[in-house]
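Taken together, the values in this text are just the output of simple stated rules run on the coordinates, not laboratory data. Small disclaimer: the values here were computed from a predicted structure and weren't measured. No Cβ is skipped: glycine too gets one built from the backbone with ideal geometry, and neighbour counts run over all protein chains shown.
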Amino acid sequence: MNLQDIKDVFKECKVTPEVEITEDVTLKELGVDSLDMAMIVYEINERVDKELEFEADQTVGEVLEYINNVSE
Amino acid sequence: MFLNKNGEEKKTVFLFPGNGIHQTGMLGRLCTVSEDIRSVLEDLADVTDKYTDTALMDETVEEPAINQLRTVASEIAICKFWEGCGLSADIYIGHSLGEYAAAYCTGILSAEAVVKMLTARNGILSISQDKLKMCALSCSEDEFKQIQSEKGTNAEIAAYNSKNKITIVGIHSDIDVICAELRARKIEFFPIQVNGGSHSLIYKPYKEQFMSDSGDIEFGVPCTDKEIISTVIPGAGAKDMCTKDYWFAHIISPVHFSDAVCTAVDENAGMFVDLGVSPNTLGIAINNVKKPGIKWIPTVRVGQNYRKQIRDSFETISSIGVPVIDRFSK
């Protein structure tokens, strides 16, 4: 999964980020609320076929690293 | 029923949130979304206004009893809106107060029955209005019980929302002690902004009062094509809900929301639609589901333009092949 995939997940979940999605911003900085978070986590898990959990203070880069490490 | 992208038949679930979603002026804002919603609300107001001192649509006056009716009315109006757009549900689940709206929409309760029983319910809840409070915790039932045991408190679980999300109710001092311990353990919690508390055995002695105050209730004939999953008594069916005993049990029993969502998933649910002005139940429901392929649809969301949010939901629903009719312009 890469940065574009994360952008696609946001689009699929109809979540409009408050700032541009880059690897350095946290999910919280993107303006993700608890429902957004739940939907995003569900969508990512569906795409990678895992049961992962994320925190709002994780950066997008950290999320990607985690996903890709457990998906290998 | 609808066919998902793999051609499998899936069920649609309507979720009705509890009283925590109430917002000042929400009915007025909903009326700006569509004339269909306004019409449903006005029809409900014609009934409820006969029994209440405050008019349903006069949102300048705020008090717990009428606000509860407004929450139920908003959910009924949103349900009718979706049904008018061609989206009907196979399964109905109400969280706490939301079960009244779900029961109305499945033919179990009339508007008159809703207002009479909610008024009686509120009369009982007002007895402990200043004594009880509620709090949502991000911990398991076992961890909460461990804290109770260590601290000697007597709070009750008011709602089982998901594996690690519960709501508790208890006297102020007990809730404060529990919250202090949660803070020490770095466990998230937040107080629920409702007047007093519900789903507590503290109200058990007031059954006769509920039976008497609610007066004569004529229950409806439950719709055969709409299944309601009880969150009060797991396994109870629509017929069981056609008694005043059930609705008293609703006051003193915890909400088994997690079980209800899992039952819906087991029954082949493919889409959950939240009918609240704040989609609180949707976030909770997602936490219960590991099965892939389910669509999660909020109707409206706090801080977002209602019409834009509904258009987004229309788009998502249409994208999975469910035909919906845009009735905004009507």
From DSSP H assignment alone, runs of 4+ in chain B each adding -39500 (n - 2.57), the sum over residues rounded to the nearest 500 puts [θ] at 222 nm at -12500 deg cm²/dmol
With +1 on the Cβ of every Lys and Arg and -1 on the Cβ of every Asp and Glu, the dipole magnitude of the stretch B:8-155 about its Cα centre, in debye rounded to the nearest 20, is 360
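For a 24 Å ceiling on Cα separation, which of these pairs sit above it: A:Lys14/B:Lys5; B:Lys50/B:Lys131; A:Lys7/B:Lys5; A:Lys11/B:Lys80?
Values: A:Lys14/B:Lys5 19 Å; B:Lys50/B:Lys131 31 Å; A:Lys7/B:Lys5 22 Å; A:Lys11/B:Lys80 28 Å.
Check vs 24 Å cut-off fails for B:Lys50/B:Lys131; A:Lys11/B:Lys80.
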For chain A, longest principal axis from Cα atoms; helix A:60-71 axis from its Cα atoms; angle between them, nearest 10 degrees, is 20
When the charge dipole of the stretch A:3-71 is computed with +1 on Lys and Arg Cβ and -1 on Asp and Glu Cβ about the Cα centre, the Cα farthest towards its positive end, among A:Val25, A:Asn69, A:Asn45, belongs to A:Asn45
The exposure ranking of B:Val324, B:Val261, fewest beta-carbon neighbours within 10 Å first, is B:Val324, B:Val261
Each label sits 7 Å from Cα toward the beta-carbon; between B:Glu315 and B:Lys204 the label points are separated, in nm, by 5.3
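Can you give the average number of partner chain beta-carbon atoms within 10 Å of each beta-carbon in peptide A:33-43, as a whole number?
Working: counts 4, 5, 13, 3, 2, 8, 8, 0, 2, 8, 3.
Partner-chain Cβ atoms within 10 Å, mean over residues of A:33-43: 5.
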In debye to the nearest 20, the charge dipole size for the protein assembly as shown, taken about the Cα centre with +1 at each Lys and Arg Cβ and -1 at each Asp and Glu Cβ, equals 500
To the nearest 0.05, the calculated FRET efficiency linking B:Asn268 and B:Asp176 through their beta-carbon distance, R0 being 45 Å, is 0.55
Computed about the Cα centre, the charge dipole of the stretch B:130-194 from +1 Lys/Arg and -1 Asp/Glu charges at the Cβ has a magnitude in debye, to the nearest 20, of 160
Rounded to the nearest 10, the angle in degrees between the Cα long axis of helix A:34-48 and the longest principal axis of the Cα atoms of chain A comes to 30
